[in-house]
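What follows is a short report on a single structure.
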């Protein structure tokens, strides 16, 4: 069986995340494809608040998700990344749940380290907008509770506190 195309695997990752959120008691909705930086809106019933989620999906044995230099600057308390690694058909994917602040710091640090190295021939590396994220130690594997923390500390939006 052939692997799905990039577009199909990305869509599959988003639906898997929505399904996982639903089984954990969240209301999850996919956004329109032209909603920049947000793939899913998720909330707790009657909370009056939502978190935004960007989904990145890879397949097979790959353990590195492609990012961009813009991810170094995106830090929002209500934005999370869910990195999905699809395995064999019929097997539940791996989910890595990471706050945007931690992604921004990781991507910037990882790129600086890469840039300070040299090519195989000893020449200096040239800067590029490409970045990556890896969770080889599985520090964020199945860390769904990080999303829950966004709902336990803040005051829900109500007409009285919006004025």
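A few notes on this one:
- Here residue 111 meets the list (1) farther than 19 Å from residue 55 by Cα; (2) assigned to a loop (DSSP other than H, G, I, E, B); (3) touching a strand residue (DSSP E or B) at 6+ places or on another chain (Cβ under 6 Å) almost entirely, failing just condition (2).
- Some residue of segment 93-101 being over 12 Å from the mean Cα position of the chain (by Cα) and without any contact (Cβ under 8 Å) to a residue 40 or more places away in the chain: no
- Taking segment 32-89 as the range and being surrounded by fewer than 13 Cβ atoms within 10 Å (Cβ to Cβ), touching a residue at least 12 places away in the same chain (Cβ under 8 Å) and either in contact with a helix residue (DSSP H, G or I) (Cβ under 6 Å, 6 or more places away or on another chain) or over 19 Å from residue 106 (Cα atoms) (or both) as the test, the residues that pass are 45, 60, 87, 89.
For (1) modelled with pLDDT of 95 or more; (2) farther than 30 Å from residue 46 by Cα, each residue gets a yes or a no:
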site: 101; (1), (2): yes, no
site: 134; (1), (2): yes, yes
site: 141; (1), (2): yes, no
site: 156; (1), (2): no, no
site: 162; (1), (2): no, no
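- Residues of segment 114-133 satisfying the condition of being assigned to a strand (DSSP E or B) and closer than 17 Å to residue 73 by Cβ: 130, 131, 132, 133
The values are calculated or read from the model by the stated rules, or taken from the named source; none is laboratory data. Note that the coordinates shown come from a computational prediction; the quantities given were computed from them, not determined experimentally. Note that each Cβ is placed from the backbone with ideal geometry, even for glycine, and that neighbours are counted across all protein chains shown.
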